[in-house]
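Asker: Pasting a structure below so you can have a look.
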Amino acid sequence: MTEWLNSAAYGEVTFLNIIAALLVFIASLIISKLISLQLRRSLKDKISKEHLELLVKLVSYGILIVALLWVLPTVGFELSGLMVAGGIVALAIGFASQSIIGNLISGLFLMGERPVKIGDMVTIDGNTGVVENIYIITTAIRTFDGLYVRIPNETVFTSTITNLSSNQVRRFEYAVGISYSDDADRAIAIIKGLIDEHPLALVNPSPQIYVDELGDNSVDIVVRVWAPSAMWFKLKTELLWKIKDKLESGNITIPFPQRVIWRGNESNMDNMEQS
């Protein structure tokens, strides 16, 4: 039996070499299946099904390719010439597609880290909108004015990302100016009453209303209100108009910019002209 295993099957390759190569390849198949199963279990709630399947295939095929390259010399296939030619081709392709590879790697990191999800309101590289999809190479967002923008994942991964939906609540702020002749405490009470009455304004965190600055033309009151992130814009637009309307109906003036122009005594000006 030992003599048969060590006997040549073809060339210098023995039956033992062939059996060893088959065992290594079978082991790589088993390892590939186990890793694929573990990836599906650990990442099923973190990335979409399509992206998960693509990642599993990349890992599985990578393991099988490494195993194949390992066993080929064992069964008599010399890879030195193939590796040199493949290295030259890979180098040329690498230079030509380095941005694609960078975007691909960044896409995999984004799927694992998940700084943004589909449906999030975000600001990425100066573009603000809702994330519509996250592909392997690019991330697609729809801006609030209806534009469809595809951003390379390398840009997404290296840019500062502002996720407007990651927190359940969000704050907005107004600066409301009233006339110096009006009662600031009464104006604050009116604004607070409107906020307390609105069903979308949160009690906790509590709103803040206070005199912030004595401006050139007005007493400036800062109004800070928290709202659920999904209702943030609706509350912000509704409440501002209600504040204006309520203050005006309460005889509290929201002044416009004013300037006092002083003119010298006309007789003095005439005397200066004659001299």
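Asker: Among the residues of segment 137-161, which ones are loosely packed, with under 12 Cβ neighbours inside 10 Å and part of a loop (DSSP other than H, G, I, E, B)?
Answerer: Residues satisfying the conditions are F144, D145, G146, L147, T160.
Asker: Then there's this: Quick check: is even one residue across segment 162-181 under 30 Å from P115 (Cα atoms), assigned to a strand (DSSP E or B), among the charged types (D, E, K, R) and modelled with pLDDT of 90 or more?
Answerer: yes
Asker: Regarding E238, is this residue of a type outside the set (S, T, Y) and more than 30 Å from N251 (Cα to Cα)?
Answerer: no
Asker: Right, another one. Go through segment 148-185 and give me each residue that's in contact with a Leu (Cβ under 8 Å, 6 or more places away or on another chain) and either within 27 Å of P228 (Cβ to Cβ) or of a type in the set (S, T, N, Q) (or both).
Answerer: Within segment 148-185, N153, V156, V169, R170, F172, Y174, V176 meet the criteria.
Asker: Ok, one more. Show the residue pairs that are 6+ apart or on different chains and have beta-carbon atoms under 9 Å apart, the first residue being within segment 139-158 and without any contact (Cβ under 8 Å) to a residue 60 or more places away in the chain and assigned by TED's automatic domain parsing to the domain that holds T123, the second being assigned to a strand (DSSP E or B) and aromatic (F, W, Y).
Answerer: Between residues of segment 139-158 that are without any contact (Cβ under 8 Å) to a residue 60 or more places away in the chain and assigned by TED's automatic domain parsing to the domain that holds T123 and residues that are assigned to a strand (DSSP E or B) and aromatic (F, W, Y), the close pairs are A140/Y148; I141/Y148; R142/Y148.
Residue by residue, here is whether (1) surrounded by 13 or more Cβ atoms within 10 Å (Cβ to Cβ); (2) within 25 Å of M121 (Cβ to Cβ) holds:
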position	(1), (2)
K236	yes, yes
L247	yes, no
G250	yes, no
F256	no, no
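Asker: For segment 98-134, enumerate the residues that are closer than 22 Å to S42 by Cβ and either outside any helix (DSSP H, G or I) or at pLDDT 85 or above (or both).
Answerer: R114, P115, V116, K117, I118, I134, listed by residue number.
Asker: Failed condition for E213, given (1) more than 14 Å from Y174 (Cα to Cα); (2) at pLDDT below 90; (3) over 29 Å from the mean Cα position of the chain (by Cα); (4) not hydroxyl-bearing (S, T, Y), with all others met?
Answerer: E213 satisfies every listed condition except (1).
The values are calculated or read from the model by the stated rules, or taken from the named source; none is laboratory data. Just so you know, these numbers come straight off a predicted model, no measurement behind them. Backbone-built Cβ (ideal geometry, glycine too); neighbour counts: all protein chains shown.
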